[in-house]
Amino acid sequence: MIGVDLGGSGVRATRFGGEHPWAGLPGATVERPLMEDGPVESIASAVAQLCSVSPSESEVQVRLGIAAPGHKTADGRGIDHATNLPRVPGLLDELSRVLRLKGVQGLELPGRLVSDSLAALLGETLVPGGLLAGEGEVLFLGPGTGLGEAKLSGGEVLPTSGTRAAELAPVQEEESCKNLEDEVSLGGLVGLWQRHAPDQASRALPIEEAARAGQAVACSLLSRFATALCEVIDHRRDDLASLRRAAGTRPPCLLIRTRRGKFFSEPAVNAIVVPPLLESARRHGVRLVIPVQPASPHAGCAGALALSLREAPPLS
């Protein structure tokens, strides 16, 4: 079984099985940046590397699950719109064709793509040492190339309620990101820093290092990032209220996690960004959890596979 986690900057694929099914087989993880040929070629290359194409093993059927960001097509088989990814309406059909050209046989492709946010959240409950071991009610926000979000309630991973119209509405200021989702993404933050850094030497530094050195523009942009993230939390007040009702005596968890786990542990980020988030969590009656370790390496892939298996018929 193979789980694939497609993001705005790259793809990760992990093969699962054996005694500990969600731990990932030793040495069976492939990470690739997005190729110029697009996400289909990137996924196909990663999957092909994990699959044996020898005739003796070509009859072995391997199930595939794929998590992808953005809005899916009506049939769930492609990407209709995603931040930092091209539109690929026939992704699964095109992937099937490219894998055949690469000589990969015996694969059972999923019937539809699954949400990368749901996969990331579910995966953290499955993999050994996952961040959500023992947690009950959780709202997850994942600033990355875009904004991932999902919730865990009653043991089930669910999309957040309502629409994301407020996050996706265009921002009119010329010096701003294109919308609120971009404001709270690390990709948008980096883009703002590259546009507004005062000189070339500053621009060469990561924004967190520049802020640690006291660079005023970097500190201002981090403050702006925190304000935008608090605004998104306010937009999720209905989700947080439902999680509080389900949680009983223990407050639910507001999990904010990036793939760059150390980002929030950087001194300047911790000093500028975390206090407003703590105050926002207090106002909404939830516990703020910001892991400083990176995301579990197999979590997104495990969640992608698990969600696909729930929807799929047994292997023929």
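The values are calculated or read from the model by the stated rules, or taken from the named source; none is laboratory data. Since the model is a prediction, treat every value here as computed from it, not as a measurement. Counting neighbours? That spans all protein chains shown, and the Cβs are built from the backbone with ideal geometry, glycine included.
Assorted remarks:
- Hits in the stretch 75-95 (condition: touching a helix residue (DSSP H, G or I) at 6+ places or on another chain (Cβ under 7 Å) and part of a strand (DSSP E or B)): Ile79, Leu85, Val88
- Some residue of the stretch 94-115 being at pLDDT below 90 and of a type in the set (Ser, Thr, Tyr): no
- Each residue in the stretch 172-194 was checked for being surrounded by 14 or more Cβ atoms within 10 Å (Cβ to Cβ), over 19 Å from the mean Cα position of the chain (by Cα) and either of a type in the set (Ser, Thr, Tyr) or at pLDDT below 55 (or both), and 1 of them qualify.
- Scan of the stretch 133-151 for residues that are closer than 22 Å to Gly285 by Cα and β-branched (Val, Ile, Thr), ordered by number: Val138
- Just so you know, in the stretch 200-237 the residues that are touching a Phe, Trp or Tyr at 6+ places or on another chain (Cβ under 7 Å) and of a type in the set (A, V, I, L, M, F, W, C) include one that is surrounded by the fewest Cβ atoms within 10 Å (Cβ to Cβ), and it is Leu221.
- Contacts under 8 angstrom Cβ, first residue in the stretch 186-212 being among the aromatic types (Phe, Trp, Tyr), partner surrounded by 15 or more Cβ atoms within 10 Å (Cβ to Cβ) and part of a helix (DSSP H, G or I), 6 or more apart: Trp193/Ile207; Trp193/Ala210; Trp193/Val217; Trp193/Ala218; Trp193/Leu221
- For Ala169, the conditions (1) under 23 Å from the mean Cα position of the chain (by Cα); (2) modelled with pLDDT of 85 or more all hold with the exception of (2).
- Matching residues in the stretch 262-300 - criterion: being assigned to a helix (DSSP H, G or I), modelled with pLDDT of 95 or more and crowded, with 19+ Cβ neighbours inside 10 Å: Ile272, Leu277, Ser280, Ala281
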